[in-house]
Amino acid sequence: MITFTSGARLPNPQKEMSNNENKPSTPEGPDRRGTPGNGGGDQGFNWKGLLWLSIALSLIATGVLWRTSTPGKPVQYPNLVTALNEKKVDTGKPFKIIAAAGSSLDTVSGYLIQSDGQSVPFKTQVNLDFVKVDLLKQLEDNKIQPIFEEESAAMVNLLATFLPLLLLLGLVYFFFRQQIKMAGRGAMSFGKSRAKMLTMDKNKITFKQVAGVDEAKEEVSELVEFLKDPKKFQKLGGHIPKGVLMVGSPGTGKTLLAKAIAGEADVPFFSISGSDFVEMFVGVGASRVRDMFEQGKKNAPCLIFIDEIDAVGRHRGHGMGGGHDEREQTLNALLVEMDGFDTTEGVIIIAATNRPDVLDPALLRPGRFDRQVTVPLPDVKGREGILKVHAKKVKMAADVDLTIIARGTPGYSGAELANVINEAALMAARRGAKAITTRDLEEARDKVRWGKERRSMAISEKEKETTAVHEAGHAILLEMLEHTEPLHKVTIIPRGPSLGSTMWLPVEDKYNTRRNELLDELVVIMGGRVAEEMTFGDVTSGASGDIRQATRIARKMVCEWGMSESLGMVEYGDNNEHVFLARDMAGTRGFSEETAKKIDAEIKRLIDDSYQRARDMLTKYRAEMNTLAKALLEYETLDGLNVREIMQHGALLNPPRSKPPTPPAPPAVPESTPAPMPNRGESGTGDLPPGLAGAPA
């Protein structure tokens, strides 16, 4: 594969797996049950109930105010006395004195005669305890017979006390209810399953759109065939697997396969994530598992897809600190529902994970997950198929050969290949092209795996010279050693976290690596440091990535692959590349201190021998190394053909057509302020992507 000199060509590499695929983009609809929390859609906020509550409260308030209020224009009591003295009170209409219960102010109402002879109502607030005698005398003088009434304030007081409380409770009910609904479910439905029935009305995905995993596609397609024609399989007494576990590296297409099954199957298809079972409330996960299978039983036959099942199916008994583990209760419920006394028939479980090593053995046994489908990284034919699927969505130039791109992308997952096509389309669009060219695809391939070229990065001439010598050492050894892959290109243009890189292309996909190939790879890795020492009489910190990569390869050769003559075919220590907390941290070393010393000595011997072989070979080809370093300083990027010309003829016969634009010179650094020393192949945050060693970062 295209890689840097540090080598990502290890046999059976175990990457840290994490599913990076997108969630289903197809629209989701309500299930057949039609109830919230059981696959149905979110009912949203209850605006209708809030509207009816507001109308009811408004009517109550209006009725109270209408009943307790007296119509008329407010008039001050002195003005009323003046009107009585001037005979401006209409004696032909009722004159009321209303005593208010529980209040010191009473109401006097009647009608006043205006200057135009019209009578208008009025009302006056008075304290009858003080003015009752005088008021009655004036009314008697005007021959007005008052009507005495007594107003009850019980209803007013009752409403004044409880109406604000009722209003507050109503608001709390409607707004707080919305907050605790948990994605459309009510407060009492925490234990309802979050499984959603998929509808494929739009963006339907079928098996035709899944490429590169033919064997896995064939295995899961049997589920669809059984659901469509069960008699075909049952006539000989066989039965379909109850569960299928899809295992694979990130981006290999596990979730895409599930989408294709949903698109092909003419049965209900429920989708749920493993993390949806775990909540802050104890017992919710187990309740949701039971409810999920209850949904499946009512819609049987059906398919249930659980993505990232390792979130709920982790090995029991390995928790830190003991105590109640909610995940264990959820797992117990899942185990019983899949294969227990009351087993649900017609419900097929499809699960996906990239950490099968942490799953509980009881979950993996036949009867629960009868079949494990491995979804591997695609081979060259599969990569070509994946590229063709994604190339249909973009406009390609007529001369683009996807076979060449597929051969140049070994180790790429389906998600990475899709990203290559997308990045190439973006590059072509940025430069105003009408179609995607091979150059765009090759640049996108390098960008996806190792980052974008940083041509604008200001690098001093001294750093450029160091980088050119370093990469020339890698390239010479890669070209001249017998058990190495063909050199693809060497560059001193910064890319991603590195300041330069040497890449090679394998002739074919490789799944195992021979001992001689690993030894030659160690020599190539040592070439950068040796070239620096031979040229400048000093070394830099730029080989830190090379040292890390070489140590990793040598340790695996001694401890895992039995490639040490002195230590033999014995595995020393467990392969804890994926550490499972509390299970692996408490493990003990499986060998003695004496054996540990032998292991360290053997690892150092392998690296020292490789270093000496690299020095001997570069001493022999020192003139070619100097010529290659000068050519890199002039042209910045050379392909494998250019390097072979230098090795065969001692000079560059067919130089690249044009030199890429040179970035601006770096600003002058005061002598009192030393510039920081960059590292080759090492960023500030842990390990680099595979192959990013031997280049300053």
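Under 5 Å from the amide H of R371 lie the amide H atoms of G243, L245, each residue being 5 or more positions distant or on a separate chain, with H modelled from the backbone and absent for Pro and chain starts. Farthest towards the positive end of the charge dipole of region 228-283, among the residues S275, V244, P230, is the Cα of P230, using unit charges on the Cβ of Lys, Arg, Asp and Glu. Taking all protein chains together and a 1.4 Å probe, the residues R644, R431, R368 rank R431, R644, R368 from largest to smallest accessible area.
Going through the cross-link list K464/K620; K204/K452; K381/K630, which pairs have a Cα-Cα distance over 28 Å in this structure? From the list (K464/K620; K204/K452; K381/K630), the Cα-Cα distance tops 28 Å for K204/K452; K381/K630. Ranking A428, V469, I404 by Cα position along the charge dipole of region 391-483, where only Lys, Arg, Asp and Glu carry charges on their C-beta atoms, puts A428 farthest toward the positive end. Per residue, region 534-577 exposes 51 Å² of solvent-accessible protein surface, assessed with a 1.4 angstrom probe and all protein chains in place. A Cβ-based charge dipole, computed about the Cα centre of region 453-554 with Lys and Arg at +1 and Asp and Glu at -1, lands at about 360 debye. Once all protein chains are placed together, Y621 keeps about 40 Å² accessible to a 1.4 angstrom probe. Charged neighbours of T403, selected by a Cβ distance under 15 Å, balance to -2 (K, R count +1; D, E count -1).
The values are calculated or read from the model by the stated rules, or taken from the named source; none is laboratory data. Just so it is clear, the structure is predicted and the values come from calculations on it, not from any experiment. Heads up, the Cβs are rebuilt from the backbone with ideal geometry, glycines too, and the neighbour counts pull from every protein chain shown. These accessible areas exclude ligands, DNA and RNA; they are computed on the full protein's heavy atoms, side chains included. Shrake-Rupley method; radii C 1.70, N 1.55, O 1.52, S 1.80 Å.
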